[in-house]
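These notes concern the structure reproduced below.
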Amino acid sequence: MKSALDSLQLLRRHKVVGGELVLTSVDFFVDWARKSSIWPLTFGLACCAIEMMAAYASRYDFDRLGVFPRPTPRQADLLIISGTVVKKMAPAIETLYNQMPEPRFVISMGACSNCGGPYYDSYSVCKGIDKVIPVDIYIPGCPPRPEALQTAVFALQKKIDRYWDAGKRVANPSKPTNEVLKEINVAALKARDA
Amino acid sequence: MAPNPIRPSAVLQGPVFETKIEQVGDHEMLLNLGPQHPSTHGVLRVVLKLDGEVITEAVPDMGYLHRGVEKLAEHRTYPMNIVLSDRNDYLSAMNNNWAFCLAVEKLLKVEIPLRAEYLRVIVGELNRVASHMVFYGTFGIDIGAFTPFLHAFGRDREEILDLFEEMCGARITYNYIRVGGVMLDAPEGWTHRVLQFVERMKPRLVEYDKLLTKNPIFIDRTIGVGLLSAEQAVDLGVTGPILRASGVSLDLRRDHPYGAYNDFQFDVPLGKQGDCYDRFLVRRLEITESLKIVEQACRKFPDGPVMGKVLKMYRPPAGEVYAQVDGPRGWLGSYIVSDGTEKPYRHHIRPPSFINLQALSEIVKGWKMADVVAILGSLDFVLGEVDR
Ligand code: SF4
C-alpha cells in the first residue's frame with residue numbers, strides 16, 4: 001500500500017520473504033509516533049475549559065486524533081491553557097509545566113490566555129500566559145470553538161512533523177545493499193521454518 | 001515535632017494555614033487537593049487534614065480564578081457589564097445576563113415586552129438544563145462512570161448549544177439578554193425546533209436514569225454520603241438545588257416569581273435527607289421540570305416586539321438596587337449602586353456557588369477520603385463565579 005509518506009521519500013519499502021521491509025530514519029519514526037498521540041493534561045481554568053471538555057466529548061471526539069487527556073503532568077505532552085490566568089495561578093501553572101517530561105508543548109486557548117482578553121485591565125489577571133511559559137500555538141476567540149482547538153492540534157502535529165528536529169532528519173534513507181537484503185531474506189526464511 | 005514530609009511547601013504561605021500546621025499531630029497528615037485536580041471542577045484548592053482515612057478538617061482556598069470583575073464593572077458601561085456577567089458562571093451565562101439586566105431594569109423602570117419575557121424564560125430554562133447536564137456528566141466521571149458524560153455532555157448539551165447558536169451566534173458566552181428585552185428575535189421556526197428537542201429528550205431521560213440514577217454502584221457511593229441537614233443548610237445560607245435536596249422547599253421562580261414564571265405550571269423537586277444522591281436526584285428531576293416549562297412557553301409563545309423602550313446609551317438614575325434570579329446553582333443576585341452616570345458606581349454579585357461552598361467544610365468532616373470527590377462533585381460549583 002502506497003502512502004503519502006512514500007512520496008515524501010521518508011521511508012522505503014522492500015519486498016522480502018513473508019512480507020515487507022520498511023526503512024526509515026529513527027527521527028522520523030519518533031516524530032510520527034509523537035504527533036499521533038499527543039496527550040494533554042486534564043487541566044481547565046475557566047470558560048474555555050468547557051469548550052475543551054466539549055472537544056473531548058462525543059461530538060468532536062478528540063480520541064480519534066490520538067488526543068487523550070491524562071490527569072497527571074508526568075504523563076502529558078501538551079498543556080492546554082484554557083482560560084484566564086490570574087496572578088495567583090501563574091506559579092502553579094509554571095510548576096505544572098516544569099513537571100511535564102520533554103518534549104512538551106503548550107496551546108494557549110482563548111483571548112484570556114493570549115493577552116488577558118476581556119480582563120485586559122484587571123489588577124489580578126496575568127496578561128498572557130506567554131509571560132510565564134513558552135507557547136507553541138495561540139487560538140483566538142472567546143471562547144474558541146472546539147473546531148478551533150482541533151485546528152490547533154493539527155497545527156501542532158504539523159509543527160512536530162516539520163520543525164521539531166528539523167535538520168537532524170535524514171530525508172532520504174539510504175538504500176540497503178544487495179548483500180544486506182540477502183541476509184535479511186535468509187533470516188526471514190529461517191524464522192519461518194523454525 | 002519532625003516536619004511532615006508530605007506537607008506541601010505552598011501550605012506554609014498565608015495566615016490561615018500557618019495556624020493549621022501547628023495543630024497537626026503525629027498521626028495526622030495534611031493533604032493538598034488542587035488547584036490542578038481533575039475532580040475539583042476548576043481551580044479550587046482544598047487543604048484536608050486527615051486522621052488515617054478520615055477527614056478531620058477541610059479548608060477551601062479560593063482565588064485561583066479571581067479576575068476582579070466587581071472592580072472592572074466600575075470602568076465599564078452598563079452594556080459592557082453584561083459581557084462580563086456572561087463569564088462569571090459560564091455554565092449558565094443566560095441566567096447571569098438576566099440577573100444583571102433585572103437589576104438595571106429595576107432602576108430604569110422599563111416595561112419588558114411579553115415576547116421578550118417568554119424568550120428569557122425559554123433560554124434561561126434551556127441553559128439550566130445544559131448546566132445540569134454538565135453536572136450529570138462530570139458527577140458521573142467523579143464517581144467512575146464515563147459513559148453518562150458522553151451522553152449528556154457530548155450529545156444532548158450540544159443540541160441545546162446548537163439552538164442557542166442559531167439564536168444569538170454563541171455557544172457559551174451569549175450576551176443575549178439585554179436591558180429592556182433580548183438582543184434578537186427567535187429565528188423562524190425556532191420554537192418548533194425547541195419543541196422537537198424537548199420531545200427528543202423524553203426517552204433520553206429514561207436512558208439517563210438507567211445509566212446513573214438506578215445504577216447500583218452509583219447508589220452505593222452516594223446514598224447516605226455527605227449529609228447536610230435542613231437547619232445546617234439554612235444556617236449556611238445555601239440556596240438552589242443543594243438547599244432543596246435537604247428538604248427545604250424554596251424556589252424563587254415559584255415563591256417570588258420574576259419574568260414570566262407566573263404563567264407556567266411546574267413542580268419543585270425536593271430531597272429527603274440531603275445526601276449526595278439527593279443533590280444529584282434534585283438536579284436530575286429539575287431537568288424534567290425545566291423541559292416542562294420550556295414546552296409550555298413554546299406552546300404559548302406570544303407575538304410582539306422583543307425590546308422595550310430603552311435608549312442606546314442609558315444612564316440609570318442614582319440609587320441602589322438588588323435583583324436576583326434562581327439560577328441552576330441557587331440565588332444569583334446583582335447589587336448595583338448607580339450615581340447617574342453611564343457606568344455603575346459599584347456592582348456586587350451574589351454568586352450562589354461561593355456561598356454554597358461554605359457548606360463544604362461542614363459536610364466533609366468525618367467522611368473518608370474517597371467520599372470527598374463525591375461530595376465536591378455534588379456541590380456543583382463553578383469557580384468563575386466563586387472567585388469572580
Ligand atoms: S477567553 Fe473568554 S471564554 Fe475563554 S476564559 Fe477568557 S473570558 Fe472565558
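The values are calculated or read from the model by the stated rules, or taken from the named source; none is laboratory data. Fair warning: this is a prediction, and the values are worked out from it, not measured in the lab. Ideal geometry is used to build each Cβ from the backbone, glycine not excepted, and the neighbour counts take in all protein chains shown. Side chains included, ligands, DNA and RNA excluded: accessible areas come from the protein's heavy atoms. Shrake-Rupley method; radii C 1.70, N 1.55, O 1.52, S 1.80 Å.
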Quick check on the stretch B:256-277. Is at least one of its residues without any contact (Cβ under 8 Å) to a residue 24 or more places away in the chain, under 20 Å from the mean Cα position of the chain (by Cα) and within 23 Å of B:Trp367 (Cβ to Cβ)? no
Here's a check for you: in the stretch A:97-114, which residue that is surrounded by fewer than 18 Cβ atoms within 10 Å (Cβ to Cβ) and at pLDDT 85 or above is nearest to the other protein chains (Cβ to nearest Cβ)? A:Gln99
If I filter the stretch A:42-66 down to residues being over 16 Å from B:His37 (Cβ atoms), facing another protein chain (nearest Cβ under 10 Å) and without any contact (Cβ under 8 Å) to a residue 60 or more places away in the chain, which single residue comes out as farthest from the chain's Cα centre (by Cα)? A:Ser58
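Per-residue answers, yes or no, for (1) part of a helix (DSSP H, G or I); (2) at pLDDT 85 or above:
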| site | (1), (2) |
| --- | --- |
| A:Val22 | no, no |
| A:Asp27 | yes, no |
| A:Met53 | yes, yes |
| A:Arg64 | yes, yes |
Somewhere in the stretch A:116-131, is a residue within 16 Å of the ligand (Cβ to nearest atom), open to solvent by 10 Å² or more (accessible area, probe 1.4 Å) and among the small types (Gly, Ala, Ser)? yes
If we ask which residues in the stretch A:70-85 are more than 9 Å from every other protein chain (Cβ to nearest Cβ), among the small types (Gly, Ala, Ser) and within 16 Å of the ligand (Cβ to nearest atom), their number turns out to be 1
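Residues being within 14 Å of the ligand (Cβ to nearest atom) and assigned to a helix (DSSP H, G or I): count how many of those fall in the stretch A:132-151.
3
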Long-range neighbours under 6 Å by Cβ, at least six apart or interchain, first residue in a loop (DSSP other than H, G, I, E, B) within the stretch A:109-127, second open to solvent by less than 20 Å² (accessible area, probe 1.4 Å) and within 10 Å of the ligand (Cβ to nearest atom): A:Gly110/A:Cys48; A:Gly110/A:Pro144; A:Gly116/A:Val125; A:Ser122/B:Arg67; A:Cys126/A:Val85; A:Lys127/A:Gly116
Consider A:Ser124 carefully, then state whether it is polar (S, T, N, Q) and within 12 Å of another protein chain (Cβ to nearest Cβ). yes
Kindly provide the set of residues from the stretch B:136-148 that are open to solvent by 10 Å² or more (accessible area, probe 1.4 Å) and either in a helix (DSSP H, G or I) or within 15 Å of B:Asp209 (Cα to Cα) (or both), ordered by number. B:Thr138, B:Ile141, B:Asp142, B:Ile143, B:Ala145, B:Phe146, B:Thr147
Would you call A:Asn178 more than 14 Å from chain B (Cβ to nearest Cβ) and modelled with pLDDT under 85? yes
Answer yes or no as to whether A:Lys88 is assigned to a loop (DSSP other than H, G, I, E, B), within 14 Å of the ligand (Cβ to nearest atom) and surrounded by fewer than 21 Cβ atoms within 10 Å (Cβ to Cβ). no
Pick from the stretch B:350-379 the residues that are under 25 Å from A:Lys87 (Cα atoms) and open to solvent by 10 Å² or more (accessible area, probe 1.4 Å): which of them is modelled with the lowest pLDDT? B:Gln358
Which numbered condition B:His151 fails, given (1) within 16 Å of A:Tyr56 (Cβ to Cβ); (2) open to solvent by less than 10 Å² (accessible area, probe 1.4 Å): (2)
The stretch A:89-124: number of residues that are under 18 Å from A:Cys142 (Cα atoms), under 25 Å from the mean Cα position of the chain (by Cα) and among the polar types (S, T, N, Q): 3
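Residues B:Met80, B:Met133: which one is open to solvent by 10 Å² or more (accessible area, probe 1.4 Å), at pLDDT 85 or above and within 14 Å of chain A (Cβ to nearest Cβ)?
Every option except B:Met80 fails the conditions.
Among the candidates B:Asn127, B:Asn95, which residue alone is more than 16 Å from the ligand (Cβ to nearest atom), part of a helix (DSSP H, G or I) and under 16 Å from the mean Cα position of the chain (by Cα)?
B:Asn95
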Would you confirm whether or not the stretch A:136-156 contains a residue that is more than 14 Å from chain B (Cβ to nearest Cβ), touching a residue at least 40 places away in the same chain (Cβ under 8 Å) and in contact with an Asp or Glu (Cβ under 8 Å, 6 or more places away or on another chain)? yes
Take the residues in the stretch A:22-48 that are in contact with a Ser or Thr (Cβ under 8 Å, 6 or more places away or on another chain) and open to solvent by less than 10 Å² (accessible area, probe 1.4 Å); name whichever of them is nearest to the ligand (Cβ to nearest atom). A:Ala46
